[in-house]
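Comments concern the structure below.
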Amino acid sequence: MFFQQIPKPEYYDDGDGLLAVVYFAKDTFLLTGPHLATAERVRKRLQTLSRPSVEVNGYASGEGSSSYNLVLSEKRRRALILLVSNAGQGMLSASGKGYGEIGAHLTETATDPRTLEQQRASNRKATILALPARMPRQTQPKAADLLPKLPDAPMTPNERLQLMLKTPVPSVPKAPSLAKLVKERLQDEVYGLCRKTNLSRTICKKAADVAISGVGKGAISAVDSLLESQGTDQKTRDAIKKAIEAAYHSVPSR
C-alpha cells in the first residue's frame, strides 16, 4: 500500500475568467490544505466577475461501483460549490454535474501499483470554470461609452470599481484564453494516451489534432476511425474516447 499522493491544485486566470481544478483524497469529498486555499482563491475571484457563468463538475476514480462513484463525484461537486459561495448570499448558481468515473480524464490501466495509484489520484477531483456573462450583440456599448466620465458627486467604492472596469486597458500581450488552455490540455492527454500504445508519434499527433479540431461526437468518431485504421485495440480506443468526452465538458464556447 502506498501513501496517498494528492496532486497539486491547478488555477488558470486569463483576466476574463478562471479555470480551477482541486483534488480529493480517496473516498472523501472534503478538501484540505492547498486545495482548500485554492477554493478560497476562486471564491474571492468570483466576487470580481459581473454575473459570471459558472460550471462545476465532479469526478471519481475507478474503485468501487459506478453508482457509488456517481454519488461521490456529485458530493465533491457540491462541496466545491459550497466553498466558493459567499456567506449570507446562498449557494452559488452553477451548471455541471457529477460524472463518476465515466468522465475521468486519465485511464487507470497501469500495471505498476504506484503508477496506477497516481492515475487514480488524478481522477479524484472537481473542476470549476467561470466566465463573465456574455452581453447580447444589440446591447454592446460603443467605444465612446467605455471612456471614463468625471463624476458629479463623490463616488462610492462600487462606483469606483465600475469606473476602473470601464477604463480602457493599455495594449499588452494577452495571456492565452481559457479555451486555448483547456484544448491544449486535451491535446496533450490524447497524445499521451496514444504514445502508451505502439502507435507512432506522427499518428499520435494527428489523433491529438483531430480531437480539438471538431466538436463533440464528430471529432470523437474521427479519432476513433483513425486509431482503428492503425490497428489499435478496442480497450485503448474506448479509453481515449472517454478522455476526449470528459475534456469537452471543460472547453468553453466563446
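Throughout, read-outs are computed from the coordinates displayed, never taken from laboratory work. This is a predicted model, so every value here is computed, not measured. Neighbour counts are summed over all protein chains in view; Cβ atoms, including those assigned to glycine, are modelled from backbone coordinates with ideal geometry.
Structure data summary
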{"read-out": "Residues of type aspartates and glutamates that Lys205 reaches as a straight line, Cα spacing below 13 Å, ignoring anything fewer than 8 places off in the same chain", "value": "Glu184, Asp188, Glu189"}
{"read-out": "Amide proton proximity set for Lys125, modelled H, under 5 Å, gap of 5+", "value": "Phe24, Tyr59, Ala60"}
{"read-out": "Separation in nanometres of the label points that stand 7 Å from Cα toward Cβ, at Thr111 and Lys44", "value": "4.9 nm"}
{"read-out": "Förster-model FRET efficiency, 30 Å R0, Ser95 and Ser66, C-beta, rounded to 0.05", "value": "0.85"}
{"read-out": "Given Lys75/Lys242; Lys44/Lys75; Lys8/Lys97; Lys44/Lys242; Lys75/Lys196; Lys26/Lys206, the pairs whose alpha carbons are separated by over 29 Å", "value": "Lys44/Lys242; Lys75/Lys196; Lys26/Lys206"}
{"read-out": "Cut-off 14 Å (backbone N to label point 7 Å along Cα→Cβ of Ser53), residues of segment 81-125", "value": "94-96"}
{"read-out": "For Tyr99, Tyr191, order by how many other beta-carbon atoms lie within 10 Å, fewest first", "value": "Tyr191, Tyr99"}
{"read-out": "Alpha-carbon gyration tensor eigenvalues x 5, square-rooted, for segment 29-121, Å", "value": "29, 14, 11"}
{"read-out": "Sparse-neighbour loop sites [chymotrypsin sites (Phe, Trp or Tyr not before Pro); segment 1-93; at most 11 other C-beta within 10 Å; DSSP]", "value": "Phe2, Phe3"}
